[in-house]
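Structure first, then comments.
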Amino acid sequence: MDIPVYLVAGFLDGGKTNFINGILEDGFAKKDRTLLLCCEEGDEEYNEKFLKNVTVVTVEDQESLTCSFLKDCEKKYRPKQVLIEYNGMWPLTPLFENVLPANWVLYQIMCFVEGNSFDLYARNMGQLMMEKITQADLIVFNRCTPETRDALRKRNLRMVNRRADIYLEMEDGSSEDYNNGETCPFDLTPEVLDIPDEDFGIWYVDVMDHPERYDGHLVHMKLVMCHSKKYPGIDCPGRFAMVCCENDVQFLGIIARGEGMDQYKNHDWIEVTGRMSVETHPAYQGKGPVLNIVAIGPCEKPAQEVVTF
């Protein structure tokens, strides 16, 4: 029988335990036996009032968290669902690849971050931090000040994880959607929207989140050619971007069509003008932006090849 697993990840003071107390209070474990694996002990404690149907098992170190250990827990406690409060200093990959039993199905990954300490963790433990950000289905930044909120939005964290719901929990208890989508970052009144090299990342985030804004507009930019391996015959030029740290370089491609692209090899620099449209494509798993090439030619690579934020 499959057992759903809900993984709560993040660093100390991120609000993981408070979140778990909240969902338990709301009745998460009211009907089904729940196993709660505590892999990190912080200042907060689980509320005893909401643990009547919950078995809490503490995992002292990463070496103890093995597949055989989890199978023993399953046999002993017979849970219908599992909550894991994961240690922020432990990488996620071993858990996914070697630890979770085959019938333990990962339903949701939630990541909680203390907003004012995000920059510190990102600078000093970039890989550990970004691994959790990129894998999460829900990301919450807690205890944000207005300054922290604005700084986080400038980081364009949608680049790191486009599928996740991201929320900013303010110090006053209010909550904001990270992607408010209220203002277009570019002036769309010129006949041709020229995308500066240093602003490609900002444009990419916005066109992916709001492709309808650019539908019908002419755009001009420098790109790296990419002929898709996953979708043969499809061209997806773009740029390499460093979102957080040197270990977090990603290629940001956009579906393109038009004559002349086949004369360029992968990694060739090209200068393009194209008209944007919104179309359904399997690469987007739905609708997304398409760059319809009007003019294309070779160009010198910009001074800064990798886009940063």
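The values are calculated or read from the model by the stated rules, or taken from the named source; none is laboratory data. None of these values were measured; they are calculated from a predicted model. Heads up, the Cβs are rebuilt from the backbone with ideal geometry, glycines too, and the neighbour counts pull from every protein chain shown. For accessibility, only protein heavy atoms count, side chains too; no ligands or nucleic acids. Shrake-Rupley method; radii C 1.70, N 1.55, O 1.52, S 1.80 Å.
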For region 1-94, just list the percent of Cα-Cα distances falling in each 10 Å bin from zero outward, please. 16, 52, 31, 2
Per residue, what volume in Å³ does the convex hull of the Cα atoms of region 74-220 enclose? 166
Taking the Cβ of W269 as the centre, find all other residues whose Cβ is under 14 Å away and add up their charges (Lys, Arg: +1; Asp, Glu: -1). -1
Translational diffusion coefficient, Stokes-Einstein: compute it for the chain using the Kirkwood radius over C-alpha pairs as Rh, at 37 °C and 0.692 mPa s, and state it as an integer in µm² s⁻¹. 151
Among the chymotrypsin sites (Phe, Trp or Tyr not before Pro) in region 33-142, which ones are in a DSSP loop with at most 16 other Cβ atoms within 10 Å of the Cβ? Mind listing them? Y46
Could you run the Karplus curve 6.51 cos²θ - 1.76 cosθ + 1.60 with θ = phi - 60° over region 92-102 and give me ³J(HN,Hα) per residue in whole Hz, x for Gly and Pro? 7, 3, x, 4, 5, 7, 10, 9, 5, x, 4
Can you work out the base-10 log of I(q)/I(0) for region 44-141 at q = 0.11 1/Å, using the Debye formula on its C-alpha atoms alone? -0.40
In terms of the Cα gyration tensor, with a ≥ b ≥ c the square roots of its eigenvalues, is region 188-260 rounded because a/c is under 1.5, prolate because a/b exceeds b/c, or oblate? oblate
What percent of all Cα-Cα pairs in region 132-187 falls into each 5 Å bin, going from 0 up to the bin containing the maximum distance? 4, 19, 29, 25, 16, 5, 1
Out of V192, V82, G216, whose Cα points farthest toward the positive end of the dipole of the chain (charges: +1 Lys, Arg; -1 Asp, Glu; placed on Cβ)? V82
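Where the only charges are on Cβ atoms (+1 Lys, Arg; -1 Asp, Glu), what is the dipole of the chain about its Cα centre, to the nearest 20 debye?
Numbers: 31 positive and 51 negative charges, 250 e Å.
It works out to roughly 1200 debye.
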Using modelled amide H (1.01 Å from N, peptide plane; none on Pro or chain starts), what sits under 5 Å from the amide H of K80, excluding residues fewer than 5 places away? R33, T34, L35
With every protein chain in place, the accessible area of M1 for a 1.4 Å probe, in Å² rounded to the nearest 10, comes to 150
R0 of 45 Å, Cβ-Cβ distance H220-K75: FRET efficiency to nearest 0.05: 0.10
Label-point gap, in nm, between V249 and D150 - each point 7 angstrom along Cα→Cβ: 3.3
Show me, for region 108-113, the HN-Hα J-couplings you get by feeding each phi into the Karplus relation (A = 6.51, B = -1.76, C = 1.60, θ = phi - 60°), rounded to Hz, glycine and proline as x. 7, 10, 10, 10, 10, 10
Given charges at Cβ of Lys, Arg, Asp, Glu: the chain dipole, positive-most of V105, G27, T308: V105
Using a 1.4 Å probe, how large is the accessible area of S228, given in Å² and rounded to the nearest 10? 20
Give the ranking of C73, C299 by solvent-accessible surface, highest area first, calculated with a 1.4 Å probe. C299, C73
Using only the C-alpha atoms of region 265-309, find the volume of their convex hull and express it per residue in Å³. 124
Quick one: what are the phi-derived ³J(HN,Hα) couplings along region 214-230, Karplus 6.51/-1.76/1.60 with θ = phi - 60°, whole Hz, x for glycine and proline? 9, 4, x, 7, 7, 10, 9, 6, 9, 9, 9, 5, 9, 9, 4, 7, 6
Accessible area in the full protein assembly, largest first, 1.4 Å probe, for M89, M170, M125: M89, M125, M170
